[in-house]
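Trainee: Sharing a structure with you now.
The values are calculated or read from the model by the stated rules, or taken from the named source; none is laboratory data. Everything quoted here is computed from the prediction, not taken from an experiment. Heads up: the accessible areas ignore ligands, DNA and RNA and are worked out on the full protein's heavy atoms, side chains in. Shrake-Rupley method; radii C 1.70, N 1.55, O 1.52, S 1.80 Å.
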Amino acid sequence: MKNTIICGLVGIILLCGSICTGSISVYADNDFNEGTYTVSVSNDMPMGKNNISDTALLEKQNGVYYLSLTFNVAKLDDIRLEIDDKTVGRQITEENGDTATYCYTLSESNISSPLPFVADVVPMGQSGLNSEIKVTVDLSSAEKTSDTVANRGERPAEFVPTLLTNAGGEYVLETGTTFTIPSATAVLGGESCEVTFSAYYVSGDELQSVESENNQLYLAKKGEYRIVYRANSPLYKTSAGNDTYTEYIVKVISDTGVSPLAKFEDIKDILPEETTLQASRITSGTLYNTAAERMKTVSDHYEVFDVNLYDAGGNTIKLSDTVRIGISENSEYVGEEIEVYYLNESGMLGKLTCAELNGYIEFETDRLGTFIVCIPGVAFVMPMWGYAVILVACVLVVAAAVTVTVILVRRKKKAKKVA
C-alpha cells in the first residue's frame, strides 16, 4: 500500500512539473516529403486551450513548411508569432465569424520547436491581457492527405519586416481639409528596412491613385481614402523569390459635419496659425503592444490614442509649453473613475491630471504622441505556478486522507485480533 501511495504521488508531482513548464511533446525525426499533412497541436494556455485548434494543416514545398492554425479571434486578439525578435510571415486563409485561420511560413528547425506566440487574451468585458502562448506541433502524429499543396498565390517569406508608426488604423476628417501622413520606419531583426507609402481614393471596388505633396493628402471628396505603407527587405524571400515585405493600411474617412475624436485649446498662445490636430484610436501594431504590456498592472479597460498637432506645412509641432487636449469619451466610461497616461518613446508611462467635460476627457500636456485613457483596476489572474500549487495542495490532502484511512484500517484489524 505504501509503495502504491508513493508511486501515485510521484506521478502527480511529475504532472505538476509538466503543467509548470508548458506542453510536452515527443518529436519524431520524420523525413517529410512534399505535400499536405494533418497534425495534432497542443498549447500551454492554463485556461481556454480550445481557443486554438488542436489539429492543423501542415504543408511542405521546396523545403519550406506552411502551418495553418485556427484561432478563436473573439477571445484571442492581435495574434503574432515572433522568433528571435523577428516577425514570422503569415497569410489569412479563412475568416468565419469568431474564428480565423492563419498560415505561417516556417523553417524545418522552427516547425520542430515550440512556437512562441503572443496574443491579447480577451476576458469578457475587458481589454486584452497580453499573454505568451507556446504552441507545439506533434510531428509524430502527421498523416499525409495529399502529395500537393494548396494554390495560395505568393506565400510570405519566413520573416517579414516589423513596421513602426504612430498612425492609427482609421481617421475621420472634414472634407476639404488636409491629412498629414504620419511617418513610419521598419526593422527586420537588427536591420533597418526601406518604407514607402501610396495614397488611394476608394471608388466602389477600385482604388484610384491620388497624389500627395510633402506628406500631405488633400481630401477633395467625401468618402474613404487609404494610405498603404510598405516595408521591404532583401534578407528573406517570398515563395515567388521576391523581397520580403509588410504592408500597413490606414483608412481616412472624409465627410462633412463629423464629430472630432479629439480637440485642442492653445491655452498658452504658443501654437502657429493654421495648426491642425490629427487623432486616431490605435488598436494593433507595435505601439499598441507596448501600451498593452505597460497597462498589465494598471487597467483591464483602456483605449490607446495617437494625438499630434501639425503646422500648415505638415510638420509635427514640438510643444514649448502646455496645451489642453480633449479626447472624446467612450460611453462605457461615463460615470467611472478615469485616468489618462502619456506613453513616451521609451515605453514609460506618465500619469496626467484629467477631467470629464461635455463628452470629452480633458487634460493639459507639454508632449504629444501616444495617450492611454483607462478605468483603473486589474482583475486577478491566476499565474501558471498558482495552478501547480493548488494541485500540489490537493495531492497532499488526498495523500493525508489515504494515509489516515490506511492507519484506521490497520487499527481496526489489530482491534479485531485483540478481541
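Trainee: Using only C-alpha atoms and all pairs of different ones, pull out the Kirkwood radius for segment 242-389 in Å with one decimal.
Mentor: Evaluated over segment 242-389, this radius sits at 17.2 Å.
Trainee: Considering only protein heavy atoms, what is the solvent-accessible area of Thr55 at a probe of 1.4 Å, reported in Å² to the nearest 10?
Mentor: 80
Trainee: Shifting gears a bit: List, in order, the whole-Hz ³J(HN,Hα) value for each residue of segment 107-116 obtained from phi through the Karplus relation with A = 6.51, B = -1.76, C = 1.60 and θ = phi - 60°; use x for Gly and Pro.
Mentor: With the stated coefficients, segment 107-116 comes to 7, 4, 5, 6, 5, 8, 10, x, 9, x Hz.
Trainee: Convert each backbone phi in segment 55-65 into a coupling constant with the Karplus relation 6.51 cos²θ - 1.76 cosθ + 1.60 (shift: θ = phi - 60°), then list the ³J(HN,Hα) values in order as whole Hz, x for Gly and Pro.
Mentor: Residue by residue, segment 55-65 yields 10, 8, 9, 10, 10, 10, 8, 6, x, 10, 9 Hz.
Trainee: Here is a follow-up. Kindly flag which residue pairs out of Lys75/Lys318; Lys60/Lys86; Lys49/Lys144 have an alpha-carbon separation exceeding 28 Å in this structure. Could the numbers behind the result be given before it?
Mentor: On the way: Lys75/Lys318 39 Å; Lys60/Lys86 22 Å; Lys49/Lys144 25 Å.
Among Lys75/Lys318; Lys60/Lys86; Lys49/Lys144, the Cα-Cα distance tops 28 Å for Lys75/Lys318.
Trainee: Something else now. Enumerate the amide H contacts of Ser141 below 5 Å, restricted to partners 5 or more residues apart or on another chain; note that Pro and chain-start residues carry no placed amide H.
Mentor: For Ser141, the qualifying residues are Ser40.
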